[in-house]
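A short reminder: the numbers here are calculations on the coordinates, not readings from a lab. Values in this document were obtained by computation on a predicted structure and should not be read as measured data. Counting neighbours? That spans all protein chains shown, and the Cβs are built from the backbone with ideal geometry, glycine included.
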Number of protein chains: 4
Amino acid sequence: MEKFKVGIINVTGYAGVELARLLHRHPRVELSSITGRSAAGQKLADVFPHLAEIDMTISAELGEVDLAFSAMPHKSSAEVIIPLVERGIKVVDVSADFRLKDAGEYPKWYDFTHPAPKLLRKAVYGLPEIHRVEIAKANLVANPGCYPTGALLALAPAVKEGLIHSDIIIDSKSGVSGAGRTLSLSTHYTEAVDNVRAYSVQGHRHLPEIVQELKALTKFSPSVTFLPHLVPMSRGILSSCYATLKEGKLGKKEGKLTDLYRDYYKGEPFVRVVDKPPETKQTWGSNLCLVYPMVDVRNSRLIVISCIDNLVKGAAGQAIQNMNIMLGFSETDGLEALPVYP
Amino acid sequence: MEKFKVGIINVTGYAGVELARLLHRHPRVELSSITGRSAAGQKLADVFPHLAEIDMTISAELGEVDLAFSAMPHKSSAEVIIPLVERGIKVVDVSADFRLKDAGEYPKWYDFTHPAPKLLRKAVYGLPEIHRVEIAKANLVANPGCYPTGALLALAPAVKEGLIHSDIIIDSKSGVSGAGRTLSLSTHYTEAVDNVRAYSVQGHRHLPEIVQELKALTKFSPSVTFLPHLVPMSRGILSSCYATLKEGKLGKKEGKLTDLYRDYYKGEPFVRVVDKPPETKQTWGSNLCLVYPMVDVRNSRLIVISCIDNLVKGAAGQAIQNMNIMLGFSETDGLEALPVYP
Amino acid sequence: MEKFKVGIINVTGYAGVELARLLHRHPRVELSSITGRSAAGQKLADVFPHLAEIDMTISAELGEVDLAFSAMPHKSSAEVIIPLVERGIKVVDVSADFRLKDAGEYPKWYDFTHPAPKLLRKAVYGLPEIHRVEIAKANLVANPGCYPTGALLALAPAVKEGLIHSDIIIDSKSGVSGAGRTLSLSTHYTEAVDNVRAYSVQGHRHLPEIVQELKALTKFSPSVTFLPHLVPMSRGILSSCYATLKEGKLGKKEGKLTDLYRDYYKGEPFVRVVDKPPETKQTWGSNLCLVYPMVDVRNSRLIVISCIDNLVKGAAGQAIQNMNIMLGFSETDGLEALPVYP
Amino acid sequence: MEKFKVGIINVTGYAGVELARLLHRHPRVELSSITGRSAAGQKLADVFPHLAEIDMTISAELGEVDLAFSAMPHKSSAEVIIPLVERGIKVVDVSADFRLKDAGEYPKWYDFTHPAPKLLRKAVYGLPEIHRVEIAKANLVANPGCYPTGALLALAPAVKEGLIHSDIIIDSKSGVSGAGRTLSLSTHYTEAVDNVRAYSVQGHRHLPEIVQELKALTKFSPSVTFLPHLVPMSRGILSSCYATLKEGKLGKKEGKLTDLYRDYYKGEPFVRVVDKPPETKQTWGSNLCLVYPMVDVRNSRLIVISCIDNLVKGAAGQAIQNMNIMLGFSETDGLEALPVYP
């Protein structure tokens, strides 16, 4: 069976390098081109010794591929993707450039005018558990942000089934790799270790993405507060989501919250509804999302806790899951490794 | 000036050993007696090499002291404290045994019948920023739990001023020392590192304490969801508190939330209302509580973030602050050290 | 192709659970039996949620298998292995019970009299890079200790080629998982984090193993000082090895130290001689050993630094590598995953 | 008692900010001037929230002071110090610019020609345990490097008493704060966490400093290999030092190694010779150096392990200790705080 050729644009960030790690072992594709800007001309192994087994040179331009992953920063990603899509190359965009359906949101949240609103409308939001059918037909898939992945998988069943009122609070705790490989004081080791802090308190860029997707699942307009926190670990996001239960809704299904969630995610290879509060460590290195729904009976409040590895299900792994769907592979191809613990 | 004699009952837990560290440098007291059960007969320096400068032997029984700190586990603490208080010795109880005014709560939350409901009524809840006057006259002070300290200092001004509705969510992130020095799988290094998880999801013991104190500040009965999380660091608690603003209440005082908080905590030596999201690292080793109030304007929601060092303001430091008030010392005596950073 | 049946005795320690993770994805074997003592009767997924995909129950007794891995503690391991070997079942022993050729060493280092000195003589020390041929014929392979694996791979070429004098110092830094899953104060999170310490300073049990294997490579009796240190990370061992170069020996091959090492490890799938000082993170989750030899020209001293993941190449991965050799599989089967970084 | 005025040049690095923390609580001095380059004009509290209690503005130029600490990078430090010393201001230089007696070493190790060789000869190497008398008379004290402090205190007694041969190996493990507050990939959180690595393997700048001071203690020229390692913690250095014992030397004093070390450090307020292997955590935030000497009897080798907090005894604390000696204060003034544990 001939392998499809795939490429990674901007392999040098954490999402890019994680794509390389996973794609190298994928049974159906050949990683045939990797690009990087400052690192162009260098051997991949020299920049990332853990990938020494992959004998490739980072180039400035993408070679011929059947499908490309873009791990470029936002704005630059759109610029490089648009001509590719026009040439008929399938693309999974790990950046935010094709996630928000309303082009008007880009100046507000990302500080640029979207260069291709038409393409934006055609792009599919790549959360397979919600948009699998569209992804299968798409040429351009916008890979969800790390926080939205965990938060949406936690909330989708409750919102879709109309269990909750519109007030939603998402309190997320992320490992530091989510902030990327670019240096900053807040991700300097001595500043980030032994420390927890909230950030982007006035509104994180992943908020409109969460709102857009929750809205699409229901009739009401959710009123979402999303507060991300940085915690001292390299990988993992745990999101604790809070909402008020509609009276009676679950009443009829008393004790059946978990069943409802299990039904919703029936057959999903990467979502596991669990009986005990999950831990980020239980997803380390894997494409799993663990979801734990419960009721705070004192206050008729729904609490849903979800965990993912932000670099896998929150980035590179989900991108490959999207590719698998787009190219008609088994959805778990290349993503079967169990979490690495402890 | 003669020094008061103080003792620590059960010096071998993290609260006890932190008391020893701080009391050793206190200008007005002499640490004259320390007890421990399994460690009785051993030199303090052999059990805790960082305290080698303190030349004391751990004994089985408390010697003569003017004031005692109990760092015993709950239930045992009440047993050892009751005779002391009857003998007229002032006590600061770091355990939970005298925190809940309603004796009926103890069987529910702590699984024992309270042995001295009368004494319970006389005991004062030792959060100086709220109960300073009573603490000054008290013989028995119940030192607040670590989570309640941070959560109450975050919420007290908003509740007291009637800014918010009764629905309150407290999402706390604690370092591992909060779980104590007793071994357990969840605090085994390899299990706790690189990991975040929620725990006590069905109701943490600190919840009734939070509810009791919030109720006392207002007319309404707050509906509190409190979810604690364990994060991989040794010290620190960050609490993110969420509530819905009453319309108009802050409207008149638009932009004045910080001022209102600053007024509320005017003159407080250990509470600092800050302009930027605080970080637990900024309190490491100190008795500070940093409080950051803000409005999520998209949803008229109040968010207050607070940070403390759980072993200092959340335990030993606050106990010493209470002692300072009880014995008429300057409230900051022995607690002036700045946070250790980075 | 029918799969071989393999079992894990004592799956509940870190070596056992890592074996399960890796064997589950091995193309040639079926994990058909797992045992545990206190956990017998429980589902593997309940004890180890990251292995939820493996639907197995932990039993008290090993079922029928072609090959068994023993991850029992020392002494107990021998007891359970001896009857298996007698019944003709191939065994890889992850414990120390069959590593030391001289039965007289067991009372000294492990505090028990070896129950089967004859079997000890037949057992093969499972460091494939040195004993591959014997391993292929063996029924009982003693999987090397984590420290010896890194230290021996660092020193073997220099010792074998006679480059150094007999004085050897091995200073090793290990992650905490090396201490196992059994609770202890020194591996309690708050004690192990933000901390480095040496331990077993009077002689670590891995010392006789290192000496035995170095002796076998040369004519002289090496005078080895081995000092292990605990560092705050879960996985990884970095060993810095120091020895005095024999004059002239490398002189003729000036600048050829790396070449000599590359020659020695030519064709080895899991040893990589590197050009820059390696980092433990570059091996995380993989079966790699990185080796960096260099000369301190100021003092004619050889320095060799090696890195492994102590749970993979230092335990479970190497055990599977041994199994692959014993059963005639490709040596890399089931061990192809790249290191997880960052 | 009037307080002496002191200033910190370049308060914005980790050594500078630690000086500010400690000096603020010093009973005999007033921190009256702090400088910084890029941060000039900003409030100290805005740059370092943990120092909010210190109400000072960072200025571009040093004000009038009795003694100045320079925490400038090397080369720049000499430039700013020379005119100060000429004006009769006492200086403690935390940089390396006045540590090496031989001006010819600067081009080799620090890549600049020393601008004031005469002053270099007058400067005193500020390790009080060795040079206390000269420090008391000095106008310019060169504060030792962090690694040399730990290594010299570990080795000085053995070298001075002629216990060992000239071959010395120093294997040091440092927390990441030793690398400073300047951003770099190797100190990026996600790169440094879960990782150990050696660095500066071809010769670290602290080597000549170690050699110079060891030479001064003995007649022989020590042959020192010094290999520093980065470990994932913010503070602390543990150095494991290895040397060969001279036959007979300790023989007469069999079992008296610890006594010999205790004698050597008799009366030293900050060096503690300990009976058990020390841990960096036991010095966190304090000016202590723990020293553990032992004999590897199998090989007649001396092993000495020392621990310090690199930012205190390894930088700011030792600088204040030097100031205390220079200004005739009690040597422990401002340095009495016990280590913060856990």
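What nm value, rounded to one decimal, do you get for the distance between C:Thr182 and D:Lys160 when each label is placed 7 Å out toward the C-beta? Computed distance between label sites C:Thr182 and D:Lys160 equals 4.3 nm. For D:Arg197, nonlocal amide neighbours, meaning residues 5 or more places apart or on other chains whose placed amide H falls under 5 Å from its own, are D:Leu230.
Note the angle between two axes, namely the Cα long axis of helix B:128-137 and the longest principal axis of the Cα atoms of chain B, as a number of degrees from 0 to 90, rounded to the nearest 10. Value to nearest ten degrees: 40. 3J(HN,Hα) along the range B:104-118, derived from phi through the Karplus expression 6.51 cos²θ - 1.76 cosθ + 1.60 where θ = phi - 60°, amounts to x, 6, 4, x, 5, 9, 10, 6, 8, 7, 5, x, 8, x, 5 Hz, with x in place of Gly and Pro. Distances from A:Gly248 to itself in the other copies, using label points 7 Å out along the Cα-Cβ axis, amount to 3.1, 9.9, 10.1 nm in increasing order.
Mean residue ellipticity, 222 nm, helices only, chain D: the sum of -39500 (n - 2.57) across DSSP H runs of n ≥ 4, divided by residue count and rounded to 500, is -7500 deg cm²/dmol. Centre-to-centre separation between the Cα atoms of the range A:80-124 and those of the range C:307-325: 46 Å.
The phi torsions of the range C:138-152, fed into the Karplus equation with coefficients 6.51, -1.76 and 1.60 and a -60° offset, translate into couplings of 7, 9, 10, 10, 8, 5, x, x, 5, 5, x, 4, x, 5, 5 Hz, rounded to whole numbers, with Gly and Pro shown as x. How about the range A:73-162: which trypsin sites (Lys or Arg not before Pro) there lie in a loop by DSSP and see at most 12 other Cβ atoms within 10 Å? Sparse-neighbourhood loop trypsin sites (Lys or Arg not before Pro): A:Arg87.
Taking Cβ atoms as reference points and 15 Å as the exclusive limit, the residues near B:Ala216 contribute a net charge of 0, counting Lys and Arg as +1 and Asp and Glu as -1. For the range B:147-310, the gyration tensor built on C-alpha atoms gives a prolate shape. Its axis ratio a/c (a ≥ b ≥ c) is at least 1.5, and a/b is the larger of a/b and b/c.
Between copies, the label points at D:Glu79 (set 7 angstrom from Cα along Cα-to-Cβ) are spaced 3.6, 7.0, 7.3 nm, reported in nanometres from shortest to longest. Positive-end ranking of A:His204, A:Leu44, A:Leu230 along the dipole of chain A, with charges on Cβ about the Cα centre, is headed by A:His204. Within chain D, the longest run free of GluC sites (Glu not before Pro) that sit in a DSSP loop with at most 13 other Cβ atoms within 10 Å is D:65-246.
Among A:Val231, A:Val297, A:Val273, the largest mean-square fluctuation in a Gaussian network model of chain A (Cα springs under 10 Å) belongs to A:Val297. Exposure proxy ranking for A:Ile9, C:Ile135, B:Ile8, based on other Cβ atoms within 10 angstrom of each Cβ and starting from the fewest, stands as C:Ile135, A:Ile9, B:Ile8.
Karplus-derived 3J(HN,Hα) values for the range C:201-211, using 6.51 cos²θ - 1.76 cosθ + 1.60 with θ = phi - 60°, are 5, 7, x, 7, 4, 7, 4, x, 5, 5, 4 Hz; glycine and proline are entered as x.
For chain D, the longest principal axis of the C-alpha atoms and the axis of helix D:14-24 are separated by about 70°. Which one of A:Gly16, A:Gly328, A:Gly162 has the biggest mean-square fluctuation once chain A is modelled by GNM with Cα springs under 10 Å? Highest fluctuation among the options: A:Gly328. Considering all C-alpha pairs of the protein assembly as shown, those separated by over 68 Å amount to 5%. When each of D:Val274, D:Val312 is scored by the number of other beta-carbon atoms lying within 10 Å, the sequence from fewest to most is D:Val274, D:Val312.
Magnitude of the charge dipole for the range B:4-122, about its Cα centre and with charges confined to Cβ atoms of Lys, Arg (+1) and Asp, Glu (-1), is about 380 debye. The GNM of chain A, with springs linking C-alpha atoms under 10 angstrom apart, assigns the highest mean-square fluctuation among A:Ser300, A:Ser77, A:Ser95 to A:Ser300. Given Cα pairs under 8 Å that are at least 6 residues apart, what percent is the relative contact order of chain B? Once normalised by length, the contact order is 18 percent.
Put a plus charge on the Cβ of each Lys and Arg, a minus charge on the Cβ of each Asp and Glu, and nothing anywhere else: the dipole of the range D:155-308 about its Cα centre is then about 240 debye.
DSSP beta bridges confined to chain A are antiparallel in about 45 percent of cases.
Summarising the label geometry, the points placed 7 Å from Cα in the beta-carbon direction at C:Lys3 and C:Thr258 lie 4.2 nm from one another. Each of B:Thr12, C:Thr190 has some number of other Cβ atoms within 10 Å of its Cβ, and from fewest to most they run B:Thr12, C:Thr190.
Farthest towards the positive end of the charge dipole of the range B:147-310, among the residues B:Gly162, B:Pro293, B:Gly180, is the Cα of B:Gly162, using unit charges on the Cβ of Lys, Arg, Asp and Glu.
For C:His188, the residues whose modelled amide H falls within less than 5 Å of its own, excluding neighbours fewer than 5 places apart on the same chain, are B:Tyr189. Let a ≥ b ≥ c be the square roots of the eigenvalues of the Cα gyration tensor of the range A:176-256; is it rounded (a/c under 1.5), or, if not, prolate (a/b larger than b/c) or oblate? In terms of gyration-tensor shape, prolate. Each Cα pair under 8 Å and six or more residues apart adds its sequence gap; the mean of these over the residue count of the range B:4-122 is a relative contact order of 23 percent. Amide hydrogen proximity for C:Tyr125: with H placed 1.01 Å from N in the peptide plane, the residues at 5 or more positions away or on another chain lying under 5 Å are C:Ala142.
Inter-copy label distances at B:Lys5, using a point 7 Å along Cα-to-Cβ, come to 4.8, 7.3, 8.7 nm with the shortest given first. Take the Cα of A:Ser76, go 7 Å toward its beta carbon, and the backbone nitrogen atoms of the range A:95-130 under 16 Å from that spot belong to A:95-97, A:112.
Here is the size of the range A:8-126 from its Cα atoms: Rg then Dmax, 14.8, 44 Å. In this Cβ point-charge picture (+1 for Lys and Arg, -1 for Asp and Glu), chain D has a dipole of about 760 debye about its Cα centre. Helix B:317-326 sits at what angle to the longest principal axis of chain B, using alpha carbons and giving 0 to 90 degrees rounded to 10? Compared with the principal axis, the helix lies near 80 degrees.
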